[in-house]
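The values are calculated or read from the model by the stated rules, or taken from the named source; none is laboratory data. As the structure is a prediction and not an experimental result, all values here were calculated from the model. As a convention, Cβ positions derive from the backbone with ideal geometry for all residues, glycine included, and neighbour counts pool all protein chains shown.
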Amino acid sequence: MTTGAAKVSRRGLLGGGIGVGAVAGVAGAFVAGRGTADEDAAAAVVSSYAFRGERQAGIVTPAQDRLHFVALDVTTEDRDELIGLLQQWTEAAERMTQGGSAGPVGPVRGATDVPPDDTGEAIGLPASRLTITFGFGPTLFRTTDGKDRFGIADQRPEALEPLPHFRGDIDDPARSGGDICIQACADDPQVAVHAIRNLVRMGFGVTAVRWSQLGFGRTSTTSTSQSTPRNLFGFKDGTANVKAEEAQALAEHVWVGKDDDQASGWLTGGSYLVTRRINMTIEVWDRQPLGDQEQFVGRTKDAGAPLSGGDEFTDPDFELPGRSGPIIPTDAHVRIVHPDQNDGARMLRRGYNFVDGSDDIGGLNAGLFFIAYVRDPRTHFIPVQRQMASSDALMEYLKFTGSALFAVPPGVAAGEYVGQGLFG
Amino acid sequence: MRKTLLASLATLAVVPALAACTENASPDSESGDARTLAVASTKDACDVSAKTAPAGTISFDVSNTGSDVTEFYLLAEDGLRIVGEVENIGPSLTKTLTVTVPEGEYVTACKPGMVGEGIRADFKVTSSDEKVTVSADEAELIEQATNNYRAYVQDQTSQLLVKTKEFVELYKAGDSDDEARALYPVAREHWERIETVAESFGDLDPKMDAREADVDFAAGEKWTGWHAIEKDLWPARAEKYAAWTPEERATYADDLLANTVELDKRVQATGTGALEYPLDAIANGSRGLLEEVATGKVTGEEEFWSRTDLWDFQANVDGARIAFEGVQPVLETKNAELAEQLTTRFTELNELLDGHRKGDGFVYYDELTKDDVDQLAAAVNTLSEPLSHLTAAVVS
Ligand SMILES: [Cu+2]
């Protein structure tokens, strides 16, 4: 990790113009050290990711540490207004991901008698590897009462249906669904919040916030260059995640193929984004004996090795007999969600821990904001979640309090706006 | 909790006597402490880093360097009585056995492949300043605890059966809903007192006690049992609820009764089908019941339609206290301080609950103020924290 190299400041970058190659994953940008404790060596040499490219950034991009996620309802019925906003968002996202300001003028250079086009809390902060990722929810195509507001109902992918109710879900409509989502990930929470705040601001009159979520401490790994982080139960999470380096697996499990859905060719090269807000009953979990915790998860707490032995990346042996039944219990989390038990289905997860203060009886209102990118939710997510809801020992300590599904269009080419394939 | 009892029943059915608490080695346990020993278990060796240790609490960090699943035992001099054991150690993993042992002769054993005699060696515990006493009639105390708890569970399911019959009649009759509503929380008390045992029957529990949110309707699951009937009796919080026809009522009611009969049958079984109540299962059950309170009752989620959560709350606490009191004589010989602390905190929680009594029962959950709920939640946490150490303490 380098320190003290050229600092990239927002002020210095106004107007953008930093040329970057747009490749999925670790896009080449300029080298600038951030004097932080970031342990991810490969990630540390990159300080910004290109917004434009074949895929949207923020999917296979090495997971940053902070998240601000927002789901919006579209309040207009005017197609052109919506397209106008998408264009505006595209430009703003491009500027902000390069460390620039939200609007073209910036926080402090504009006329004194109008509000600045950037709110200013990110002045002086580097790009912080910000990525901004957009997705479209089922209700954008047809409202719950059946209305095709923007003439795109016939382009709705078949798989883009609201997720079903799963056992243990506490349906909270105020934390679920949405017409459009924006995921902003960065190393600095202020940068992620700044991005969402400004995009939301631009949307007033066209969109309104339905719900949002802040996250910290990524709970999965999207690149082999990263170490596996821990969730709030203290266990390593996402060991078996699809990684950026696995081109074959990404094509098979994450990216929508060109023949996947006839009616929605616009989504080719995109993905589906599942979000689930999972509250953990932290205080109760903390009273579980260590041995039980390990049995519920199916892995050791220290190294994250499967109970059948080896190290973190050793394949679990689900057959290996233990003293009473298999050594990895039949309801252990690692078994229930393992691809071998789910027709080989894998996901690319990039969830975050969250703590939204305390709940009304003094417990931590905390858990995991689960985010997964999949090629088809019907085969890659729903069956796995159903398995988990019915047989996973961890369910005893989880409450699902929010749920949403979005179709994430492919990347934005030069001169295009996000979602142009759908609206153009 | 659903898991606790089942798991313990299965484990302890095979290894009798006292299981010690086991835990994973901390990565930096090389403290040079005479009471911290390293054990390397391979296919054909069981190397213990020392042949002797001073009396007191001794830890064996057992590393499995072989390719089979292994186990480690500390046995009494006779090579029969198990003083402590740690099982299910996968290849390349390390687990720690922590036991408190008095001066004397012992035998260590690794069991690669989990079968046979194991690889044994003599082990000596020398005298030390630490006083370690083991009560001579401990075995008797344990047997007593087991028998008492079994009798308690059997008594509760038989009462549950009687009240469920009565409830089902009232409900089916259709003209006595007020009486059915009054009996509902009272009958359920017998379920809630032994909830951890009832839940260990994975086939019956979802049919009898599932809440609406627990059901995966999209997968074609049906919602049956107490809470489905509860909604039909208290539809006030439901949107556009269509009341059941007399035929539907009969179907759900008969189903509940049939499942209750089955539950009672299994609990009363003797001989080979009899349930076992090893000490740690009883202690875990106590903790599990308090967890039920913390996750469902204190939050008002359990009785969403009837708001009779406090009846369940009290019943869970009763069940937890009975289980605790069952193992209390054993606990007193091992950790009198914990026993006293738990007694006090059970009393405090009960006093708090007493403040919400009304007539023969309790106020409805909606009648509690935010402050009341906060106080109850805090008292549950206060009790649950020491309770989470009960199992380890009684089996140590
Ligand atoms: Cu997981």
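Is it the case that some residue within the range A:234-251 is touching a strand residue (DSSP E or B) at 6+ places or on another chain (Cβ under 9 Å), within 16 Å of the ligand (Cβ to nearest atom) and within 14 Å of chain B (Cβ to nearest Cβ)?
For the range A:234-251, residues touching a strand residue (DSSP E or B) at 6+ places or on another chain (Cβ under 9 Å), within 16 Å of the ligand (Cβ to nearest atom) and within 14 Å of chain B (Cβ to nearest Cβ): present.
With the requirement that a residue be away from chain B (no Cβ under 11 Å) and of a type in the set (A, V, I, L, M, F, W, C), what does the range A:152-182 give you?
If the condition is that a residue be away from chain B (no Cβ under 11 Å) and of a type in the set (A, V, I, L, M, F, W, C), then A:Ile152, A:Ala153, A:Ala159, A:Leu160, A:Ala174, A:Ile180, A:Cys181, A:Ile182 are the ones that fit.
Which of the residues belonging to the range A:285-306 are closer than 25 Å to A:His165 by Cα and either surrounded by 23 or more Cβ atoms within 10 Å (Cβ to Cβ) or touching an Asp or Glu at 6+ places or on another chain (Cβ under 6 Å) (or both)?
Answer for the range A:285-306, where residues must be closer than 25 Å to A:His165 by Cα and either surrounded by 23 or more Cβ atoms within 10 Å (Cβ to Cβ) or touching an Asp or Glu at 6+ places or on another chain (Cβ under 6 Å) (or both): A:Phe296, A:Val297.
From the list B:Leu275, B:Leu290, B:Leu257, B:Leu233, exactly one residue is buried (at least 22 other Cβ atoms within 10 Å of the Cβ) and in contact (Cβ under 8 Å) with a residue 24 or more places away in the chain. Which is it? Steps first, please.
On the way: B:Leu275 fails: buried (at least 22 other Cβ atoms within 10 Å of the Cβ); B:Leu257 fails: buried (at least 22 other Cβ atoms within 10 Å of the Cβ); B:Leu233 fails: buried (at least 22 other Cβ atoms within 10 Å of the Cβ).
B:Leu290 is the lone residue from the list that is buried (at least 22 other Cβ atoms within 10 Å of the Cβ) and in contact (Cβ under 8 Å) with a residue 24 or more places away in the chain.
Looking at the range A:275-302 only, could you name the residues that are within 8 Å of another protein chain (Cβ to nearest Cβ) and aliphatic (A, V, I, L, M)?
Passing the criteria: A:Val284, A:Leu290.
Quick one: in the range A:313-369, which of the residues that are within 12 Å of chain B (Cβ to nearest Cβ) and β-branched (Val, Ile, Thr) is nearest to the ligand (Cβ to nearest atom)?
Here the residue is A:Ile328.
Considering only residues that are aliphatic (A, V, I, L, M) and outside any helix (DSSP H, G or I), look in the range B:224-274 and name the one that is modelled with the lowest pLDDT.
Step one: of the range B:224-274, the residues aliphatic (A, V, I, L, M) are B:228-229, B:233, B:236, B:238, B:242-243, B:250, B:253, B:256-258, B:261, B:263, B:267, B:269, B:274.
With outside any helix (DSSP H, G or I) added as a condition, the list becomes B:238, B:242-243, B:269, B:274.
Numbers: B:Ala238: 92, B:Ala242: 93, B:Ala243: 94, B:Ala269: 91, B:Ala274: 87.
Only one residue fits best here, namely B:Ala274.
Can you name the condition, by its number, that A:Gly309 falls short on among (1) away from every other protein chain (no Cβ under 14 Å); (2) buried (at least 23 other Cβ atoms within 10 Å of the Cβ); (3) on the phi > 0 side of the Ramachandran plot?
Going through (1) away from every other protein chain (no Cβ under 14 Å); (2) buried (at least 23 other Cβ atoms within 10 Å of the Cβ); (3) on the phi > 0 side of the Ramachandran plot one by one, A:Gly309 breaks only (1).
Assuming A:Gly310 fulfils every condition listed in (1) within 16 Å of the ligand (Cβ to nearest atom); (2) without any contact (Cβ under 8 Å) to a residue 12 or more places away in the chain apart from one, which condition is it?
Evaluating A:Gly310 over (1) within 16 Å of the ligand (Cβ to nearest atom); (2) without any contact (Cβ under 8 Å) to a residue 12 or more places away in the chain leaves (1) as the failure.
Is it the case, given these coordinates, that A:Asp261 is more than 16 Å from the ligand (Cβ to nearest atom), touching a Pro at 6+ places or on another chain (Cβ under 6 Å) and among the charged types (D, E, K, R)?
Yes: the conditions hold for A:Asp261.
Return the total of residues in the range B:243-300 being among the basic types (Lys, Arg) and within 11 Å of chain A (Cβ to nearest Cβ).
1
Within the range B:350-367, is there a residue that is out of contact with any Leu (no Cβ under 6 Å at 6 or more places or on another chain), under 27 Å from A:Phe400 (Cβ atoms), in contact (Cβ under 8 Å) with a residue 24 or more places away in the chain and buried (at least 19 other Cβ atoms within 10 Å of the Cβ)?
yes
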